[in-house]
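Quick notes on the structure that follows.
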Amino acid sequence: MLSFQSPTLFGRREFLRVGGLGLGGLSLPSLYAGTKLADGGKPLTDKSVIFLFLHGGPSQIETFDPKMTAPAEIRSATGEIKTAFPGVTFGGTFPKIAAIADRISVVRSFTTGDANHDIKPIVGKDSFGANLGAAYASVAGGNHPDTGMPSNVLLFPRSVDPMAQVGQAGFGKFASQGPFGSAAIPFQPDGDGSLKKDMKLALPMEKLDDRKLLLAQLDRAKLIAESAEGIDSTREKAYSVLLSGVGDAFDLGKEDPKTVARYDTQPQVNVGKIDKKWNNHKFYRDNAVTLGKLLLLARRLCERGAGFVTVTTNFVWDMHADVNNATMVEGMSYMAPPLDHAVSAFVEDVRQRGLEDKILLVVCGEMGRTPRINGKGGRDHWGGLAPLLLSGGGLKMGQVIGQSSRDAGTPNSEPIRNKHLISTVMHTLFDVGKLRVTRGVSREMLQLTDHEPIPGLHG
């Protein structure tokens with residue numbers, strides 16, 4: 001949150017750093033920029049999207065398509081569990097998600113197109129090389145006009161735990177803006193203490209009422225728009241945003257401790273017993289410690305006006321059973337309980353808060369895993385099929401969409417591709433009819449809505 005200190009203790013660089021108010025620095029034109037309809041409005045719905053990216057490529061079989069009638073080398077290595085859907089089972093390590101299956105939808109015919117380690121569909125060729133949130137922010141503007149909350153936020157484990165590993169960047173840039181401009185770059189709190197520094201406005205408390213002094217300081221820091229048109233309105237908004245307490249949303253200490261405990265995934269895994277022979281053991285630890293709190297933080301940000309939040313816990317789902325990664329059985333014992341707990345806690349929480357129609361949760365990775373378990377007990381890269389879960393957003397829940405082949409290797413119904421998922425996201429965030437007649441919307445943004453959304457979700 002905003003805090004105040006003596007002006008004699010700071011230089012220009014420290015006056016107002018990145019903060020929760022802008023993207024790469026408070027740029028007032030980008031705060032409230034965005035494309036508008038001829039009547040001055042924007043083609044937005046009142047909904048948000050949280051995209052939980054399972055980096056590394058989770059197995060479609062051990063998650064939501066266990067194939068227990070298949071041979072032993074194909075069927076789920078973790079067994080199966082009954083769900084709230086009659087006759088439908090999920091992987092045996094997801095009892096909590098299975099119990100709320102009527103509030104989620106699972107796609108069993110989803111294919112990401114290839115078996116490459118990258119960060120599609122959140123960033124890839126189907127999104128023009130941009131984070132999907134950057135496309136959203138190019139229309140919505142960099143910050144919410146009322147709350148000052150960044151429209152597009154990226155959360156790595158360090159957003160909630162300073163001891164976590166740095167965000168994974170070896171397979172793609174989660175903060176990529178693509179063709180959508182620098183104002184659309186995701187805001188990324190790093191959680192190592194600099195967030196609180198970034199949210200610090202160095203101005204003596206007794207001077208807060210002196211608006212002219214505040215704005216003059218902003219001018220000297222080159223944070224006021226150069227354009228004369230609308231400058232007074234922009235300054236008024238900047239003043240309001242700086243004092244709005246937007247930083248509180250990033251502080252889990254402001255949340256009810258019972259709610260924090262409800263989301264907390266650390267008790268789901270004894271991190272001290274994670275086998276250190278796997279090179280990725282630190283990532284397994286980070287996932288267990290941070291996943292629930294990351295989803296809680298994402299919910300807090302959406303409540304306060306964020307439109308798109310990317311959540312990822314680094315490279316943890318690549319279960320080859322090699323020197324880096326655990327076997328399917330051991331790996332799922334590290335990874336599944338936190339995911340099961342975090343997703344179910346989120347779904348129940350947003351429903352109780354009356355937000356289940358306001359926030360869409362998307363859960364997937366960049367690919368799936370091979371239908372056949374390898375000789376070491378792992379599964380390798382597979383582009384033919386991948387797991388996909390969605391919940392909320394006012395979409396139709398309580399269904400399994402599509403079918404897979406008998407070995408869960410390919411779709412056995414019309415394939416659902418990245419472009420369909422992306423279109424579903426954009427139709428959730430925008431009134432697409434209004435978007436198409438809105439001034440200034442880029443060609444790339446419009447193309448993201450060209451394809452049909454996932455069938456069956458819109459009634």
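The values are calculated or read from the model by the stated rules, or taken from the named source; none is laboratory data. Fair warning: this is a prediction, and the values are worked out from it, not measured in the lab. Glycine also receives a Cβ, built like all others from the backbone with ideal geometry; neighbour counts cover every protein chain displayed. Note: accessible area is taken over every heavy atom of the protein model, side chains too, but ligands, DNA and RNA are not part of it. Shrake-Rupley method; radii C 1.70, N 1.55, O 1.52, S 1.80 Å.
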I'm trying to understand the selection: among the residues of the stretch 248-281, which are at pLDDT 95 or above, of a type outside the set (A, V, I, L, M) and open to solvent by less than 30 Å² (accessible area, probe 1.4 Å)? Glu255, Thr259, Tyr263, Thr265, Trp278, Asn280
Within the stretch 269-284, identify whether any single residue is in contact (Cβ under 8 Å) with a residue 60 or more places away in the chain and under 21 Å from Ser391 (Cβ atoms), and answer yes or no. no
Under 6 Å between Cβ atoms, which residue pairs at least 6 apart in sequence (or on different chains) link something in the stretch 445-459 that is on the phi > 0 side of the Ramachandran plot and open to solvent by less than 80 Å² (accessible area, probe 1.4 Å) with a partner that is outside any loop (DSSP other than H, G, I, E, B) and of a type outside the set (S, T, N, Q)? Gly456/Ile401
Being assigned to a helix (DSSP H, G or I), touching a helix residue (DSSP H, G or I) at 6+ places or on another chain (Cβ under 6 Å) and over 18 Å from Arg158 (Cβ atoms) is the filter here; which residues of the stretch 242-301 pass it? Asp248, Lys254, Arg262, Gln268
Filter result (within 17 Å of the chain's Cα centre (by Cα) and either charged (D, E, K, R) or in a strand (DSSP E or B) (or both)) within the stretch 46-72: Lys47, Ser48, Val49, Ile50, Phe51, Leu52, Phe53
Matching residues in the stretch 62-109 (within 26 Å of Gly377 (Cβ to Cβ) and of a type in the set (A, V, I, L, M)) number 9
Out of Thr69, Thr93, which single residue is open to solvent by 10 Å² or more (accessible area, probe 1.4 Å), touching a Ser or Thr at 6+ places or on another chain (Cβ under 8 Å) and either over 30 Å from Pro189 (Cα atoms) or at pLDDT 65 or above (or both)? Thr93
Taking Ala326 as the residue in question, decide whether it is of a type in the set (Gly, Ala, Ser) and over 23 Å from Asp114 (Cα atoms). no
How about the stretch 78-117: which of its residues are over 23 Å from the mean Cα position of the chain (by Cα) and in a strand (DSSP E or B)? Glu80, Ile81, Lys82, Thr89, Phe90, Gly91
Out of the residues in the stretch 346-383 that are buried (at least 23 other Cβ atoms within 10 Å of the Cβ) and among the small types (Gly, Ala, Ser), which is farthest from Phe174 (Cα to Cα)? Gly378
Test result for Ile422, out of contact with any strand residue (DSSP E or B) (no Cβ under 9 Å at 6 or more places or on another chain) and open to solvent by less than 60 Å² (accessible area, probe 1.4 Å): yes
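One line per residue, one yes/no per condition, for (1) under 16 Å from the mean Cα position of the chain (by Cα); (2) aromatic (Phe, Trp, Tyr); (3) crowded, with 24+ Cβ neighbours inside 10 Å:
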site: Gly129; (1), (2), (3): no, no, no
site: Ala134; (1), (2), (3): yes, no, yes
site: Ser138; (1), (2), (3): no, no, yes
site: Gly142; (1), (2), (3): no, no, yes
site: Gly148; (1), (2), (3): no, no, yes
site: Gln165; (1), (2), (3): no, no, no
site: Gly178; (1), (2), (3): no, no, no
site: Ser182; (1), (2), (3): no, no, no
Helices (runs of 4 or more DSSP H) wholly inside the stretch 404-459 containing at least 1 residues that are modelled with pLDDT under 95: none
Quick one: count up the residues across the stretch 407-419 that are surrounded by 22 or more Cβ atoms within 10 Å (Cβ to Cβ) and either of a type in the set (Lys, Arg) or within 16 Å of Val363 (Cα to Cα) (or both). 2
Ser442 vs. criteria open to solvent by 20 Å² or more (accessible area, probe 1.4 Å), of a type in the set (Ser, Thr, Tyr) and touching a helix residue (DSSP H, G or I) at 6+ places or on another chain (Cβ under 9 Å): yes
